[in-house]
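Derivation of every value follows stated rules applied to the coordinates shown; laboratory data play no part. What you are looking at is a predicted structure, and each value in this text was computed from that prediction instead of being measured. A quick note on method: Cβ atoms are made from the backbone with ideal geometry, for glycine too, and the neighbour counts reach across all protein chains shown.
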Amino acid sequence: MSALNALNRLGFEPPEFQPGHVWLAGAGPGGLGCLTLGVLAALGMADSVVYDALVDPDVLKAAPQARHHYVGKRAGRPSASQDDINRLLVEEAKAGRRVLRLKGGDPNMFGRGGEEAFVLARAGIPFRFLPGITSAVGALADAGIPATMRGVNKAIVFATGHAAGTADDLDWAALARTGQPIVVYMGMHRLALIVEALTAGGLAAATPAALIMDATTERERILVADLGSLAAEADAQGFGSPAIIVVGGIVALREQLR
């Protein structure tokens, strides 16, 4: 009841969600407490919710009036193609529905929000972005790791590990040379390759590192190790996706703060 009273005191007025519009929204890292007021209001107004694998199904309880379309993409499993998702968004909007495209984290942080926005723009469909707590920042906070700390880092690098070991790979050596913490999304299936590339690029095997799995949820698990042993420890302890990889001095602050 206290939460409802606080919301009433805010007098929050969301923008009007008009028929035929698509809102590209972020549901945060996973925990219901990470939903923004804007996204919660949009759930209550939507006619159609198109949601990803990383969205907690309990979130959909806030949209009982809407059609629910699951389009989750998970590595190694049968998944909806991006073309199918784009087509669904356009069809639902052209049918006059209020369409909420709901993604884990933030729609524009490795979430293909921009790609979908371009599809909507070319189809003449009005859209807006509703930001969410991006998974890296939310996961770090929940794990007790400050994303930035005076005297430890002056920047932080967000990267995707999706293409590690392929022709489209990042220059991991260049990232290693920055000396700044690196947070890797979608890298668990290529963890050993990423560790090898970072150490080959100059990061010491003793560099503090961590994995945060199912961040901000009741299933959250955290593994802290040095970079050199991270992949082996992950295998031994059964860590997998969804998880983020954190490498750098900020990881060591967790134990100090505890």
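General observations
- DSSP finds beta bridges in the chain, and of those with both partners inside it, around 40 percent are antiparallel.
- Legend: translational diffusion of the chain by Stokes-Einstein, Rh = Kirkwood radius over C-alpha pairs, 4 °C, 1.567 mPa s; D = 66 µm²/s.
- Cα long-axis angle, helix 191-200 against the chain (0 to 90 degrees, to the nearest 10): 50
- The H on the amide N of L130, modeled in the peptide plane, is under 5 Å from the matching H of L24, A25, G26, each at least 5 residues off or on a different chain.
- Ordered by the count of other Cβ atoms within 10 Å of each Cβ, fewest first, H68, H21 give H68, H21.
- CD proxy at 222 nm, helix term only [per DSSP H run n ≥ 4: -39500 (n - 2.57); per residue of the chain; nearest 500]: -8500 deg cm²/dmol
- Cα long-axis angle, helix 82-94 against the chain (0 to 90 degrees, to the nearest 10): 20
- Relative contact order computed over the chain (Cα-Cα under 8 Å; 6+ residues apart), in percent: 19
- Förster radius 30 Å - calculated FRET efficiency between R150 and K61 (Cβ-Cβ, nearest 0.05): 0.15
- Neighbour counts of other Cβ atoms within 10 Å put T217, T148, T207 in the fewest-to-most order T148, T217, T207.
- For segment 73-135 and segment 155-186, distance of Cα centres in Å: 25
- In plain terms, the residue of V50, V90 with the fewest other Cβ atoms within 10 Å comes first and the most crowded comes last, giving V90, V50.
- A full extension of the chain between S241 and R122 corresponds to an added length of 39.5 nm, given 0.36 nm per residue minus the alpha carbon distance.
- Rounded to whole numbers, the Karplus 3J(HN,Hα) couplings from phi for segment 128-145 are 8, 9, 10, x, x, 5, 5, 4, 5, 5, x, 5, 4, 4, 5, 7, x, 10 Hz, using 6.51 cos²θ - 1.76 cosθ + 1.60 with θ = phi - 60°, and x at Gly and Pro.
- For the pair A167 and A141, a Förster radius of 35 Å applied to the C-beta separation gives a FRET efficiency near 0.50, rounded to the nearest 0.05.
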